[in-house]
Every structure is written in C-alpha cells, then in structure tokens.
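> Can you read through this structure? Questions will come right after.
The values are calculated or read from the model by the stated rules, or taken from the named source; none is laboratory data. This structure is a prediction, so every number in the text was calculated from the model and none was measured. Cβ coordinates were reconstructed from backbone atoms using ideal geometry, including for glycine residues, and neighbour counts include every protein chain displayed. Note: accessible area is taken over every heavy atom of the protein model, side chains too, but ligands, DNA and RNA are not part of it. Shrake-Rupley method; radii C 1.70, N 1.55, O 1.52, S 1.80 Å.
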Amino acid sequence: MVVVAKIEESRAVEAAPNGLPRLITKDVLWTGGCLDLMFKGEVVHSHFNNYIIRGKNKILMIDTGHPIHRPEIEKALDSFLEGRSVDYIFPTHPELPHCGLLPTWLDRFPEAKVVGSLKDYRLYYPAYESRFVDLKIGDTVDLGDRRVIILPAIWGDLANTCWAFDTGDRVLFVSDAYALIHAHKPGHCGLMTGEHETPDQEHLQMLNKLTLQWMPFHDVSKSYAELDTLLAAVEPRFIAPAHGAVVDEPGKMTALLQDALAKTFMSTVLKPGV
C-alpha cells in the first residue's frame with residue numbers, strides 16, 4: 001500500500017499515537033502503529049500492522065512493519081521474544097509497509113530466513129539473497145507446535161501477494177485486505193473490530209480503495225465465493241489485516257465488507273461520465 005498522493009479526500013499526514021503492541025493470543029503479537037489520514041475533513045487513523053507468531057521451536061514474523069514505527073516494534077520484540085530470535089520473516093508482498101524493515105530484522109537476527117513468494121525481492125535486497133526461501137501456495141513453515149500455511153491472496157494488489165494461516169491459534173493474515181480506518185480518539189488504536197462501533201459503509205470503502213486501488217473498477221463480488229470457500233476451509237478465529245483492526249468477528253465483518261465493496265463497484269459503474 002502506498003499512501004502518498006491525495007486520493008479523493010484521503011492523505012497521509014504523520015505517524016499517530018497507537019495502542020500497540022497487543023497480544024491477540026498468548027503466542028501471537030500484534031504490533032506496528034497508526035498513521036493519520038484525512039476523511040471528510042476529519043482526522044482518522046489507519047493501522048500499519050505486523051505480527052509475530054511464537055511457536056514452540058521457531059518464531060515467524062508476518063510483514064516487517066512500516067519503518068516509521070521501527071522503535072515501537074523493536075520494544076515490542078524485546079519483550080515478546082524473551083531472549084529468543086526471529087527465525088522466519090514472511091513479507092506478504094514487496095511494498096514499504098510490508099518489507100521495508102527487512103534489512104533491519106535480517107541484520108538483528110542473522111540466522112533468520114525470508115520466506116514466501118520472493119520473485120523480485122532479490123532486486124530490492126541483493127545482499128540478502130542467500131537467506132531467501134521461495135515458497136509456493138500450500139507450502140508450510142513448521143514452528144514446532146503449529147504450522148503457518150501460505151495461502152493465495154483472494155484480494156491482493158501485487159502478483160506475488162500472499163496470505164497466511166496460523167494453525168495453532170487459527171489466525172488468518174490477509175495483508176491489504178479487510179482494511180478499516182478508525183476514529184482519531186484516545187484509546188481507539190489497537191482495538192479489535194468487535195470493540196469498535198460497527199463501521200459504516202463509507203469508512204469500509206474508503207481505506208479499501210486506498211489499499212486495493214483496483215476495487216472500484218472491478219466487480220469484486222465475483223470473488224466472494226472463493227473467499228467464502230477459503231474461510232470455510234480454515235475457520236479463522238481472527239482475521240489479521242495489515243491496515244485495519246484485527247477482526248474478532250470474522251463472519252460479521254466479512255458480510256459488512258462484502259456488501260460495502262460491491263456497492264463501491266456499482267457506484268463507479270453508475271457514475272455519470274465514467
């Protein structure tokens with residue numbers, strides 16, 4: 001996701017205070033931070049998340065976090081790792097909020113490997129190529145008491161965007177999908193969706209149009225059956241996006257999101273002059 005130029009009424013302003021880190025479960029850490037955005041003249045927040053899964057034998061990081069949040073992530077790691085090292089780093093795709101801190105973590109954890117669909121990462125980070133392990137959809141990373149399964153991105157913005165699923169705590173990591181802004185108010189950052197007021201459709205549409213800019217121009221409802229099939233197969237307890245609150249009510253939020261995104265496309269199709 002690139003939030004640089006002004007798109008409609010939304011623009012990145014600066015790093016915002018945040019309520020992270022937070023444990024989703026005792027072995028899955030949610031960290032990162034927020035950025036300020038403008039929406040209809042109001043300052044709102046967007047999460048820029050990354051996650052750490054602590055297995056019995058190995059530890060895996062999902063996305064690297066945005067470089068602007070590096071100090072906060074480092075503090076969170078120090079506490080969560082308890083002297084252990086990160087063994088694997090899984091960037092969901094090669095954009096700054098998702099892979100921008102790869103050199104930082106690879107230098108800090110010299111035994112760590114980068115795993116995932118790494119087609120073009122060698123062009124970005126040639127000095128670390130020997131530590132890249134290409135994985136295909138369906139491949140797994142064994143952490144000891146749990147596995148992380150590489151999954152196709154039903155909604156992704158780059159050709160090698162991937163999702164992942166933690167079999168231990170049944171957390172589905174969805175990269176830029178399920179994006180959701182939240183109010184710029186004390187205590188709102190780091191809340192799960194069930195702890196917020198139910199978002200209205202404009203809020204759901206706004207950030208998804210930023211993270212996945214193709215959505216207003218394609219009938220996203222054609223992918224709903226594929227998404228529903230995936231969710232039925234893995235039955236996630238939580239859905240963990242890169243740019244939104246962790247979803248603790250997957251069924252409810254999926255239904256709200258699908259309705260809002262279908263209307264995003266229809267409003268584009270029916271817009272005069274388009």
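> Name every residue in segment 213-248 that is in a loop (DSSP other than H, G, I, E, B), at pLDDT 95 or above and among the charged types (D, E, K, R), in order of residue number.
Once the filter is applied, which keeps residues that are in a loop (DSSP other than H, G, I, E, B), at pLDDT 95 or above and among the charged types (D, E, K, R), segment 213-248 yields 235, 237, 248.
> Restricting attention to segment 113-142, which residues are touching a strand residue (DSSP E or B) at 6+ places or on another chain (Cβ under 6 Å), part of a loop (DSSP other than H, G, I, E, B) and touching a residue at least 12 places away in the same chain (Cβ under 8 Å)?
117, 118, 135, 137
> Further question: Condition test on residue 158, is it surrounded by fewer than 18 Cβ atoms within 10 Å (Cβ to Cβ), in contact (Cβ under 8 Å) with a residue 60 or more places away in the chain and either within 14 Å of the chain's Cα centre (by Cα) or part of a strand (DSSP E or B) (or both)?
So residue 158 passes the test.
> Step by step: first the residues of segment 145-155, then only those that are part of a loop (DSSP other than H, G, I, E, B) and open to solvent by less than 40 Å² (accessible area, probe 1.4 Å), then the one that is farthest from residue 215 (Cα to Cα). Which residue is that? Lay out the reasoning, then the answer.
Within segment 145-155, the first condition is being part of a loop (DSSP other than H, G, I, E, B), and the residues that meet it are 145-146, 153-155.
Restricting the remaining residues to those that are open to solvent by less than 40 Å² (accessible area, probe 1.4 Å) gives 146, 153-155.
Values: 146: 34, 153: 14, 154: 12, 155: 9 Å.
Going through the qualifying residues, I end up with 146.
> Which condition from (1) modelled with pLDDT of 95 or more; (2) touching a helix residue (DSSP H, G or I) at 6+ places or on another chain (Cβ under 8 Å); (3) open to solvent by 10 Å² or more (accessible area, probe 1.4 Å) is the one that residue 96 breaks?
Looking at each condition in turn, residue 96 falls short on (1).
> Still on this structure, please answer the following. Within segment 1-38, track down each residue that is of a type in the set (A, V, I, L, M), open to solvent by less than 40 Å² (accessible area, probe 1.4 Å), modelled with pLDDT under 50 and over 18 Å from residue 187 (Cβ atoms).
Across segment 1-38, the qualifying residues are 1, 3, 12.
> Taking only segment 76-93 into account, find how many residues are in contact (Cβ under 8 Å) with a residue 40 or more places away in the chain, farther than 20 Å from residue 146 by Cα and surrounded by fewer than 21 Cβ atoms within 10 Å (Cβ to Cβ).
1
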